[in-house]
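Structure record follows, encoded as structure tokens.
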Amino acid sequence: MEVESIKITNSNGHTLSDHVRQSVEDYFAHLNGHDSSGLYQLVLTEVEKPLLETALKHSDFNQSKAAKILGLSRSTLRKKLDQYGIG
């Protein structure tokens, strides 16, 4: 499956990548010298749940449409919804 590469910016000209980068930099800045672990999973969890919720809302809570928007199978979407407790 080919993924369309479209850079969408907000009104300030920032992309989603810009926001993620800034958030991760802020995370490191607030560690105050403490070690960190599990950052990859933390970021995935923080991004995936609102992504799923927003896609569902955009599709009027139609799981088949949301799965298509996300490029997932409907069964994978359902598994992820269960994982995050999204009803």
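The values are calculated or read from the model by the stated rules, or taken from the named source; none is laboratory data. All values derive from a computational prediction rather than experimental measurement. In this analysis, Cβ positions are derived from the backbone assuming ideal geometry, glycine residues included, and neighbour counts consider all displayed protein chains. The protein model used for the area step is the full one, side chains on, heavy atoms only, and it has no ligands, DNA or RNA in it. Shrake-Rupley method; radii C 1.70, N 1.55, O 1.52, S 1.80 Å.
Quick notes on this one:
- Exposure rank, largest accessible area first [Ile86, Ile69; 1.4 Å]: Ile69, Ile86
- 1.4 Å probe accessible area per residue over the chain, in Å²: 83 Å²
- Fraction of C-alpha pairs exceeding 15 angstrom in region 12-60: 60 percent, rounded to a whole number.
- Taking every protein chain into account, the 1.4 Å probe leaves Ser17 with about 70 Å² of accessible area, to the nearest ten.
- Projected over all directions and averaged, the alpha-carbon convex hull of the chain occupies 7.5 nm².
- Dipole magnitude (debye, nearest 20) for the chain, charges at Cβ of Lys, Arg, Asp, Glu: 480 debye
- For the chain, with all protein chains in place and a probe radius of 1.4 Å, 52% of the accessible heavy-atom surface sits on carbon or sulfur.
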